[in-house]
Every structure is written in structure tokens, then in C-alpha cells.
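The values are calculated or read from the model by the stated rules, or taken from the named source; none is laboratory data. Everything numeric here is computed off the predicted structure, so don't read it as measured data. Cβ sites come from the backbone with ideal geometry, for glycine too, and all protein chains shown count toward neighbours. The area values use the complete protein model at the heavy-atom level, side chains included, leaving out ligands, DNA and RNA. Shrake-Rupley method; radii C 1.70, N 1.55, O 1.52, S 1.80 Å.
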Amino acid sequence: MNISDSIGPTLIGKHIVLGVTGSIAAYKAVALLRTLIREGAVVQVVMTQSATKFVTPLTFEVLSGHPVSLDIFEARQAMTHVSWPAQADAIVIAPATANCLAKAAMGMGDDLLSTMLLTSQCPLVVAPAMDGGMWTHPSVQEHVKTLCARGTVVVNPEIGPLASGQIGQGRLAEESRILAALHAALAPQRDWQGHRVLVSAGPTQEPIDPVRFISNRSSGKMGYAVAEAAQARGAQVVLVTGPTALPIPRGVEVVSVSTAEDMLKALSMRLAWSTTVIMAAAVADFRPTHPAAQKIKKQGHTGQTLDLEQTTDILASLSAQRTTQLMVGFAAETSDLTAHAQAKLTAKGLDLIVANDVTIEGAGFGSDQNAATLIDRQGGMTELPLMPKRALADAILNRAHELFCSRQSSQSPSPVLGGR
Ligand code: CTP
């Protein structure tokens, strides 16, 4: 079959890193490389040492027109593990061994290919190939699940005769399936087109006097990532943000606020416009009851105490006024994560809550990564491992979109696209 004829868009100008690992199916990567090049892609091949036992690097070098990278420590390849993924539109690993899947899932970087996966931000397509018993092994399946949850496209192996002589599931997927997965991974996802998403982000600042305030450690990164992801997936997005040091995401309307009261007003005004509310802001729960009009002088104020009052629970208030909006909240917890998050989901009348254990190292406030459990009002629970906040934003949007779809299939007319 001529794949170029069978698959719609071509790969002209696309930079693809093709990872080849040590499976008997490595020879099929040669044909895949030729097809990628025929479709117009610029392909750089990275092999693991064990892959070179099956096919020589020279074969890939001649066909790709580029040196094949094998070793992170080769001088001519200095920083390849960073520069190649930075230029790449996608990484395809075909064939991917059980070892390769395990390293990718666990974030190990002990060779050039696995290290590249840690530095890359682009879509990753993996096509596993191994013996049938290995493919169905629980640890391999666990790693596949982890990768899928992070957005990796896994092209499942096919059933047929294996190198061992057995019949089972483990054969590298047909080239047409790998290419179709690559095309889908490269195509911009527009599943949020027609939605109007109201996102909140960052901390609020509650004044004590004109120069001091109560606030929290929120950087705003999670909410900004959600706004950016929703915009990229076709939604119209308004981001209501407390003070942060982050650049404005492209294509997103930004409303800057300072206090919880300002945030409440800005969000309430736009509630009727929105189809989805995603409340990622870390709103201060308390504010000084009587902020001073003038700077409080230290003289004569030894042992100063502050009277505090509760701020409005913005999310609960929006939820009480909502019509058809899908309401998504966050729960920042330090103990009993799911119990506390479930209680908030119910108390605030939410459809979905993103439960965060902010004590996990490398997750939560200020970090570029986060780990979360998504809990919906039907009791569905998805545990997501530590991942970049942008990937978590996509996972949240995936789940929210599924909730919309299940709502639409049980209701008519559509609450999302019906307009207002
Ligand atoms: N939230 C809000 N208004 C507030 C406080 C919180 O809208 N005044 C929102 C947050 O943006 C988040 C959700 O409610 O989406 C849960 O926030 P969190 O800080 O985890 O919990 P709280 O409701 O503030 O309860 P507690 O601090 O007691 O855990």
C-alpha cells in the first residue's frame, strides 16, 4: 500500500525524531524511515545500543541523510539530547521495547533516547514490539497506562506470529497505523472549539494597609497552562488572574485582579458568557477585617494582631448561580487528599475536581510539574502521575470534554454549542 496516497496531510517540513530500540522488528524502522522521508519529513534517527545489534546505524544514516545518534557522551553530539527534541515536531519510537516503555514511564534517562524524552515537549508516539507474554505482563501494561495518561500515543502491537514462533500480541503495528497515529498527534486538536472557558489563576492579595497584604505561594502556572491549552484546542478563553510574573498566553483575554472580591466580581460578570468555569486560582480564604487606610507604623504597635474575616467562596457562589456551565475546581490538600477533595466537590456543587497533594516534592505551588487525581461527580477517579502542568492541563480538558459529551448524549439540545 502506498501510505503517502492513503494518509491525508503530508509531513512536509516536519522534524521527526525516530527512536529505534533493540527489538527484532528494528528492521521495519528502515521502511518507516523511508516513508517518513517520502512524506517530506526531516528525520533524525536515534538508536539504542541494543538496536545496533539488529540494524547498523549506517543504514539509517544513508537513508536519513543525517548522522545517527547513539551516545549522549559523543562530542559531536554534544547537547543533542536537548537540541533535537527542541526542534522536533514529534518523536516516534518504533519499535519500542518493554525496557524503553519502562524507562519512559519512570522518567529514567540512562541513554540518549530516554534522556531526549525527558527534555522534549513535543508529541510522542510509541509503537511497542515484544513477545506476547511480555506485552501482557502487568508491569508493561502499567507503564503503558502511565504513558497514555500523560498523552503519549501508544500504537498497540498486533496479534500474529512472533519471533519466538508463538502466536500472540506483540508484533510491531502496521506502518499505516503508526503513520496515522503520527498524523493525528501532529494535527492541532480543536475539540474545544465552540466552548467559552472562564479560567482563574494565581493568588489573591488581601490588603492589610497600602503596602502590606496577605497572600499565598501560588505562581499561577497551573491556571495559565489550562488557559493556554484550552485556547490551543479551539476554545475562547478569558483568564481572570491574580498577580503573577507570567507572560500573557497567546490568544487569551486576560483580566487582572488583586483581591478575592475583585476576582469574584470579574468572574461573576462573565459567568453567563461561559460554558465552562475552571477555578485554578488560590483564593485567600481570609482578609483583614479593617484594612488600614495609612501605612501601619511600628511605633506603638508591639504585639499587633490582625482581625480577619472570611472571603466569599467564589467557586461555591458561581456554582450556585450557574445554568448549564460545567464547573471545575481544584483542591489543594496536605492530607486525606481524596476525602477532602470529594467533600469540596459536593459542597461546591462541582462536576469535576482536580485534587492536588501540595506536599509532593516537585509538585504544586511554583513548580512546573504537578500530580493530581481527577474526581468527577459520578464518582469517576483518575490518578495522574507527576507531569508538566501543560500536560496536566490537557488531561483536565480531556476529562472535562468527556463529561460534556456524556452530558450531551443524555440531554438535548446541547448545553455547549446552543449559544446564549
Ligand atoms: N476557592 C474559591 N474561593 C475561595 C476559596 C477557594 O473559589 N474563597 C476555590 C479554589 O479556587 C479551588 C477550590 O475553591 O478551586 C478549593 O480551594 P481550596 O483552597 O483547596 O479549598 P477551600 O475551599 O479554600 O478550603 P480549605 O482551605 O479549608 O481547604
Next item on the list: Tell me which residues, restricted to the range 339-389, are among the acidic types (Asp, Glu) and either away from the ligand (no atom under 15 Å from the Cβ) or open to solvent by 20 Å² or more (accessible area, probe 1.4 Å) (or both).
Entry: 357, 361, 368, 383
Checklist line | All positions within the range 173-195 that are under 30 Å from residue 325 (Cβ atoms) and touching a residue at least 60 places away in the same chain (Cβ under 8 Å) | finding: 187, 191, 192, 194, 195
Next item on the list: Could you please find all residues in the range 163-182 being of a type outside the set (Lys, Arg) and either farther than 20 Å from residue 32 by Cα or open to solvent by 20 Å² or more (accessible area, probe 1.4 Å) (or both)?
Entry: 163, 164, 165, 166, 167, 168, 169, 174, 175, 176, 180
Note to self: I'm trying to understand the selection: among the residues of the range 114-131, which are closer than 24 Å to residue 176 by Cβ and either open to solvent by 10 Å² or more (accessible area, probe 1.4 Å) or within 18 Å of the chain's Cα centre (by Cα) (or both)?
What the structure shows: 122, 123, 124, 125, 126, 130, 131
Check: Do any residues in the range 301-318 that are assigned by TED's automatic domain parsing to the domain that holds residue 209 have Cβ atoms under 7 Å from those of residues that are open to solvent by 80 Å² or more (accessible area, probe 1.4 Å) and within 7 Å of the ligand (Cβ to nearest atom), where the two are at least six apart or on different chains, and which pairs are they?
Finding: 310/285; 311/285
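Quick check on this structure: which one of 46, 62, 92, 55 is of a type in the set (A, V, I, L, M, F, W, C), assigned to a strand (DSSP E or B) and farther than 25 Å from residue 188 by Cα?
Every option except 46 fails the conditions.
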Next item on the list: State whether the residues of the range 281-302 include one that is modelled with pLDDT of 95 or more, outside any loop (DSSP other than H, G, I, E, B), under 30 Å from residue 231 (Cβ atoms) and near the ligand (Cβ under 10 Å from one of its atoms).
Entry: yes
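What number of residues in the range 312-336 are within 11 Å of the ligand (Cβ to nearest atom) and either in a strand (DSSP E or B) or closer than 16 Å to residue 380 by Cβ (or both)?
7
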Next item on the list: Working carefully through the options 217, 233, find the one that is among the basic types (Lys, Arg) and either open to solvent by 60 Å² or more (accessible area, probe 1.4 Å) or modelled with pLDDT of 95 or more (or both).
Entry: 217
